[in-house]
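Here is the structure we will look at.
The values are calculated or read from the model by the stated rules, or taken from the named source; none is laboratory data. What you see is a predicted model, and the numbers here were worked out from it, not measured in a lab. FYI the Cβ positions are ideal-geometry reconstructions off the backbone, even for glycines, and counts take in every protein chain you see.
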Amino acid sequence: MRHVSTVGMGLRGCMLPWELLGEARTPDGAPMALTRRGNEYMILVDGKDLMSSRMFGSEEALVTIGCERARALPTPTVLVGGLGMGFTLRAALVTLPPGARIVCAELMPAVVAWNQGPLGPLAGHPLRDPRVELAVGDVGALLRTSPGRFDAILLDVDNGPSAFTQQANAGLYGNAGLEMSRVALKPGGVYAVWSASDDRKFEHRLRHHGFKAVTHHVRARLNKGGPRHTIFTGLLPEALGD
């Protein structure tokens with residue numbers, strides 16, 4: 001696993017190493033690590049970069065786009081699938097009204113512990129907000145038991161439809177997963193997915209399951225460049241026949 005890097009200059013021109021803050025394993029058994037170099041944090045899976053605290057603009061875009069309808073409601077209920085470094089959850093807290101209820105589902109207990117510890121200050125400790133209901137476990141299981149519960153579902157799980165850390169995550173974006181999400185939404189609800197790349201087949205699946213599908217391309221650093229990411233959205237009609 002990569003937890004020491006020679007990238008970045010420290011004091012007196014010395015290379016600043018990555019510091020290992022925590023280790024865990026995914027349900028598939030892959031090693032997972034939280035590392036820090038200076039003010040930057042990174043989560044690695046099997047030695048590969050999964051997410052960095054330097055780039056979270058597209059996570060904020062997921063919320064802005066996915067909660068466009070929910071933010072106008074007095075007491076919306078929104079699901080954030082995937083805690084990550086807390087940026088998506090923080091953006092939801094900023095975007096949604098005081099009467100909102102935000103359910104945050106995170107599969108990995110270690111990620112929750114990291115957000116309650118060293119990662120907490122990055123996004124202003126969003127797990128401490130009383131509007132947040134933390135659900136530690138599989139987001140798919142939560143969706144299966146939540147018919148008609150959510151005004152918006154925001155999935156920031158893995159790399160989107162192309163799973164990166166756990167192949168089981170791909171099921172969220174297949175036919176069964178989309179049907180679970182559709183049933184868990186209220187009429188007029190919005191389903192939004194963060195993805196590292198485009199996926200035409202996924203767009204077609206959204207339409208097949210009754211969603212009005214729209215694809216958005218955003219930057220990892222909003223207004224500051226960085227790699228391009230994709231936000232898929234699916235809108236349900238307000239009523240049958242709409």
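From the residues in the stretch 66-119 that are within 11 Å of the chain's Cα centre (by Cα) and in a loop (DSSP other than H, G, I, E, B), which one is nearest to ALA213 (Cα to Cα)?
Once the filter is applied, the top-ranked residue is GLY82.
Within the stretch 196-209, which residues are touching a Leu at 6+ places or on another chain (Cβ under 9 Å) and either loosely packed, with under 14 Cβ neighbours inside 10 Å or of a type in the set (Ser, Thr, Tyr) (or both)?
Within the stretch 196-209, HIS208 is the sole residue that qualifies.
Can you pull out the residues in the stretch 81-108 that are touching an Asp or Glu at 6+ places or on another chain (Cβ under 7 Å) and touching a residue at least 60 places away in the same chain (Cβ under 8 Å)?
Within the stretch 81-108, GLY81, GLY82, GLY84, THR88, LEU107 qualify.
May I ask you to verify whether ALA135 is in the same structural domain as VAL63 (by TED's automatic domain parsing) and free of Cβ contacts under 8 Å to residues at least 24 places away in the same chain?
In short, no.
Restricting attention to the stretch 194-214, which residues are within 20 Å of PHE150 (Cα to Cα) and either outside any strand (DSSP E or B) or in contact (Cβ under 8 Å) with a residue 60 or more places away in the chain (or both)?
The answer is TRP194, LEU206, ARG207, HIS209, GLY210, PHE211.
Here is a yes/no grid of residues against (1) under 23 Å from ASP138 (Cα atoms); (2) at pLDDT below 85; (3) touching a helix residue (DSSP H, G or I) at 6+ places or on another chain (Cβ under 7 Å); (4) in the same structural domain as GLY82 (by TED's automatic domain parsing):
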residue	(1), (2), (3), (4)
MET15	no, yes, no, no
GLU19	no, no, no, no
ARG25	yes, no, no, no
GLY29	yes, no, no, no
THR35	no, no, no, no
LYS48	yes, no, no, no
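For LEU44, work out the one condition from (1) under 20 Å from SER195 (Cα atoms); (2) in the same structural domain as HIS217 (by TED's automatic domain parsing) it doesn't fulfil.
In the conditions (1) under 20 Å from SER195 (Cα atoms); (2) in the same structural domain as HIS217 (by TED's automatic domain parsing), LEU44 misses (2) alone.
Any idea which of (1) within 30 Å of ALA30 (Cα to Cα); (2) at pLDDT 90 or above; (3) exposed (fewer than 13 other Cβ atoms within 10 Å of the Cβ) is the one GLY177 doesn't satisfy?
Going through the list (1) within 30 Å of ALA30 (Cα to Cα); (2) at pLDDT 90 or above; (3) exposed (fewer than 13 other Cβ atoms within 10 Å of the Cβ), GLY177 breaks only (3).
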